[in-house]
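Enquirer: Next up is a structure, given as structure tokens.
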Amino acid sequence: MKKKLKFNRDWCKGCGICVEFCPKNVLELDDELKIYAPRSGDCIFCKMCELRCPDIAIQIIETQEESDEEK
Amino acid sequence: MAVTDYLREQFMPHIWCPGCGHGIVLNSLVRAVEQIGLEKNDVVMVSGIGCSARMAGYLDFHTMHTLHGRALAFATGAKMGNPRLKVIVPMGDGDALAIGGNHFIHAARRNMDLTAIVMNNNIYGMTGGQFSPATPKNRYATTAPYGTIDEPFDVVKVATAAGASFVARSTTYHVNELIKLIREGIEHPGFSVIEILDQCPTYYGRKNLSGSAVDMLKHFKENSVKIGKGTGAPGEIEIGVFVKEVRPEYCDKYESLVKEVQGGKK
Ligand SMILES: Cc1ncc(C[n+]2csc(CCOP(=O)(O)OP(=O)(O)O)c2C)c(N)n1
Ligand code: SF4
Ligand code: SF4
Ligand code: SF4
């Protein structure tokens, strides 16, 4: 099991709260003011972005993909 | 359950402005309900009118969207009808303390097991930024172009004086604590008030040059202190649990009275 950030671009309103308060500077807004994660490798899955998003546009999900160590 | 399972996804994205704190409150509330492990059918959400009150429309509980200021009256009826249900009432500061002030103090006095969530953004959001009973003195609003001269209510003090048996305060910055407090409030067997300082960037923020939603959250972060750890400086936000006492609950008292009176007839 591997954790992954999942964004709902249709719900994101570009407020920038997740970007500002991410402790690892993982997130940015793109040209359309929508969330994306240019530095997703730095994410520690602390959930702060998920919990502070006013639009429920971020979820940390577990995927079936094997993590690098398991391969 | 996933957080989105508690939402009526067909109504998303919600109507609130970008960065509005009401969305963070909704987010925290859903997590609290999930942590307690409540079924959707065990929860009733009753709201009045206001941006804050729109919350009831987005959550897949039993929901009632009622009259401005009167949500606690409808909630009282729902709880009396079926005391087994958890009844949660999201309210704006205007909804709770201006038009609904009378309902608020009497609900607190009665100590019925309801959870009142006061989403205090210091202003009337829905109707265009009029000042509310929770607008701090000298702050600007559509109806206070030179700053308000009124003294504001302190929600925690009003709730405590009126007799609420659980009273807490947090902010939309402090989400982990907020989830814990909402959870504690829902689980507390009596009238619970959780005041949440909440940003309205569109009206309060713009009128008071408080900047963006991000700036308003930074303000909450920088000015909040745990209860008893502050210096009493103006503008300091004390957060934590102020009152937590188990006192006789209204529906329990009512049921005992019914039993006693019926027993007496024999
Ligand atoms: C009886 C009645 N009076 C006035 C209104 C107009 N009104 C609608 S919402 C509102 C206040 C909203 O402010 P608040 O309760 O603080 O909630 P917010 O929108 O800031 O979340 C008012 C005065 C109404 N709908 N019904
Ligand atoms: S989970 Fe934490 S580290 Fe990862 S993007 Fe969100 S806030 Fe940043
Ligand atoms: S906090 Fe949510 S709505 Fe705001 S920018 Fe991030 S993902 Fe978008
Ligand atoms: S007007 Fe204010 S309270 Fe209403 S949705 Fe917009 S930011 Fe939120």
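The values are calculated or read from the model by the stated rules, or taken from the named source; none is laboratory data. Just so you know, these numbers come straight off a predicted model, no measurement behind them. Neighbour counts are summed over all protein chains in view; Cβ atoms, including those assigned to glycine, are modelled from backbone coordinates with ideal geometry. To get the accessible areas, we keep the full protein, side chains included, count just its heavy atoms, and leave off ligands, DNA and RNA. Shrake-Rupley method; radii C 1.70, N 1.55, O 1.52, S 1.80 Å.
Enquirer: Identify all residues within segment B:111-147 that are out of contact with any Gly (no Cβ under 6 Å at 6 or more places or on another chain), open to solvent by 10 Å² or more (accessible area, probe 1.4 Å) and hydrophobic (A, V, I, L, M, F, W, C); write none if there are none.
Expert: Residue satisfying the conditions is B:PHE131 alone.
Enquirer: Do we have any residue at all in segment B:198-218 that's free of Cβ contacts under 8 Å to residues at least 40 places away in the same chain, under 23 Å from B:GLY94 (Cα atoms) and of a type in the set (S, T, N, Q)?
Expert: Taking every residue of segment B:198-218 in turn, at least one turns out to be free of Cβ contacts under 8 Å to residues at least 40 places away in the same chain, under 23 Å from B:GLY94 (Cα atoms) and of a type in the set (S, T, N, Q).
Enquirer: When both residues are 6+ apart or on different chains and their Cβ atoms are under 8 Å apart, which pairs have a first residue that lies in segment B:67-90 and is polar (S, T, N, Q), and a second that is part of a helix (DSSP H, G or I)?
Expert: From segment B:67-90, the pairs are B:THR76/B:ALA107; B:THR76/B:ARG110.
Enquirer: Can you tell me which of B:SER224, B:SER192, B:SER165, B:SER256 is closer than 20 Å to B:ARG139 by Cα and among the small types (Gly, Ala, Ser)?
Expert: Working: B:SER192 fails: closer than 20 Å to B:ARG139 by Cα; B:SER165 fails: closer than 20 Å to B:ARG139 by Cα; B:SER256 fails: closer than 20 Å to B:ARG139 by Cα.
Only one candidate qualifies: B:SER224.
Enquirer: Another question, then. Is segment B:26-42 home to any residue that is within 10 Å of chain A (Cβ to nearest Cβ) and under 18 Å from B:GLY125 (Cα atoms)? Break it down into steps so the answer makes sense when it comes.
Expert: Applying the first criterion (within 10 Å of chain A (Cβ to nearest Cβ)) to segment B:26-42 yields B:26-28, B:30-31.
Adding the requirement that they be under 18 Å from B:GLY125 (Cα atoms) leaves B:26.
Yes, segment B:26-42 has at least one match.
For every residue, the table says whether it meets (1) away from ligand 4 (no atom under 16 Å from the Cβ); (2) in a loop (DSSP other than H, G, I, E, B); (3) more than 8 Å from every other protein chain (Cβ to nearest Cβ).
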| site | (1), (2), (3) |
| --- | --- |
| A:LEU5 | yes, no, yes |
| A:TRP11 | no, yes, no |
| A:CYS18 | yes, no, yes |
| A:GLU32 | yes, yes, yes |
| A:LEU51 | yes, no, no |
| A:ILE56 | no, yes, no |
| A:GLU65 | yes, yes, yes |
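Enquirer: Can you confirm whether segment A:25-37 contains a residue that is open to solvent by 80 Å² or more (accessible area, probe 1.4 Å) and under 11 Å from the mean Cα position of the chain (by Cα)?
Expert: Within segment A:25-37, the subset open to solvent by 80 Å² or more (accessible area, probe 1.4 Å) is A:25, A:31-33, A:36.
Then drop every residue that is not under 11 Å from the mean Cα position of the chain (by Cα), which leaves A:25, A:36.
For segment A:25-37, residues open to solvent by 80 Å² or more (accessible area, probe 1.4 Å) and under 11 Å from the mean Cα position of the chain (by Cα): present.
Enquirer: For B:GLY21, all conditions in the list (1) open to solvent by 20 Å² or more (accessible area, probe 1.4 Å); (2) within 14 Å of chain A (Cβ to nearest Cβ) hold save one; what is the number of the exception?
Expert: (1)
Enquirer: Looking at (1) in contact with a helix residue (DSSP H, G or I) (Cβ under 7 Å, 6 or more places away or on another chain); (2) within 11 Å of ligand 2 (Cβ to nearest atom), find the lone condition where A:SER40 falls short.
Expert: (1)
Enquirer: Could I ask something else about it? Test B:GLY57 against the stated conditions and say whether it is free of Cβ contacts under 8 Å to residues at least 12 places away in the same chain, more than 13 Å from chain A (Cβ to nearest Cβ) and over 26 Å from B:PRO152 (Cα atoms).
Expert: Numbers: free of Cβ contacts under 8 Å to residues at least 12 places away in the same chain: no; more than 13 Å from chain A (Cβ to nearest Cβ): yes; over 26 Å from B:PRO152 (Cα atoms): yes.
No; evaluated as a whole, the condition is false for this residue.
Enquirer: Looking at B:GLY228, B:GLY232 in this structure, which one is more than 20 Å from the chain's Cα centre (by Cα), within 24 Å of B:SER165 (Cβ to Cβ) and of a type in the set (Gly, Ala, Ser)? Working first, answer last.
Expert: Values: B:GLY232 fails: within 24 Å of B:SER165 (Cβ to Cβ).
Sole residue among the options that is more than 20 Å from the chain's Cα centre (by Cα), within 24 Å of B:SER165 (Cβ to Cβ) and of a type in the set (Gly, Ala, Ser): B:GLY228.
Enquirer: Is it the case that B:ARG8 is within 11 Å of another protein chain (Cβ to nearest Cβ), farther than 26 Å from B:SER132 by Cα and modelled with pLDDT of 95 or more? Steps first, answer last, please.
Expert: Working: within 11 Å of another protein chain (Cβ to nearest Cβ): no; farther than 26 Å from B:SER132 by Cα: yes; modelled with pLDDT of 95 or more: yes.
Taking the combined requirement at face value, the residue does not satisfy it.
Enquirer: Confirm whether A:LYS47 is open to solvent by 60 Å² or more (accessible area, probe 1.4 Å), basic (Lys, Arg), more than 8 Å from chain B (Cβ to nearest Cβ) and within 9 Å of ligand 2 (Cβ to nearest atom). Working first, answer last.
Expert: On the way: open to solvent by 60 Å² or more (accessible area, probe 1.4 Å): yes; basic (Lys, Arg): yes; more than 8 Å from chain B (Cβ to nearest Cβ): yes; within 9 Å of ligand 2 (Cβ to nearest atom): yes.
Answer is yes for this residue.
Enquirer: Any residue at all in segment B:133-151 that is small (Gly, Ala, Ser) and either modelled with pLDDT under 95 or out of contact with any helix residue (DSSP H, G or I) (no Cβ under 8 Å at 6 or more places or on another chain) (or both)?
Expert: Our first condition is that a residue be small (Gly, Ala, Ser); within segment B:133-151, this holds for B:134, B:141, B:144, B:147.
Next cut, either modelled with pLDDT under 95 or out of contact with any helix residue (DSSP H, G or I) (no Cβ under 8 Å at 6 or more places or on another chain) (or both) only: B:144, B:147.
The answer is yes; a qualifying residue exists.
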